[in-house]
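Worksheet: the structure to be examined is printed underneath.
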Amino acid sequence: MAAVCALCGKAPSFGNRVSRSGKAALKRRVFSRTRRRFRPNLQRRKVIVDGTPKHILVCTACLKKMPRA
């Protein structure tokens with residue numbers, strides 16, 4: 001199952017994991033960058049679609065917007 005929100009289509013995004021060294025903020029050196037993945041916070045919820053209950057993956061931002069049943 002893909003990690004995509006069924007309502008808004010939010011999907012994983014990508015960035016860099018930055019490895020730093022040093023104590024002082026100004027003296028930090030960047031040693032390496034490796035790719036990482038930011039995954040959406042998806043929850044499995046039962047909703048009624050066309051009169052039949054179904055389980056869908058919904059991100060928490062959409063979950064807060066959904067009306068309570």
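A few comments on the model shown:
- Number of residues in the stretch 44-69 that are under 14 Å from Ala3 (Cα atoms) and of a type in the set (A, V, I, L, M) equals 3.
- Residues of the stretch 6-30 classified as at pLDDT 80 or above, of a type outside the set (Val, Ile, Thr) and either surrounded by 11 or more Cβ atoms within 10 Å (Cβ to Cβ) or in contact with an Asp or Glu (Cβ under 9 Å, 6 or more places away or on another chain) (or both), total: 8
- For the stretch 1-16, the tally of residues that are in a strand (DSSP E or B) and within 9 Å of the chain's Cα centre (by Cα) stands at 1.
- Only one of Arg39, Arg33 that is within 22 Å of the chain's Cα centre (by Cα) and at pLDDT 95 or above: Arg39
- Under the condition of being surrounded by 11 or more Cβ atoms within 10 Å (Cβ to Cβ), of a type in the set (S, T, N, Q) and either out of contact with any Cys (no Cβ under 8 Å at 6 or more places or on another chain) or more than 25 Å from Pro12 (Cα to Cα) (or both), the residues counted in the stretch 40-60 number 1.
The values are calculated or read from the model by the stated rules, or taken from the named source; none is laboratory data. Worth saying up front: this structure is predicted, and the values here are computed from it rather than measured. No Cβ is skipped: glycine too gets one built from the backbone with ideal geometry, and neighbour counts run over all protein chains shown.
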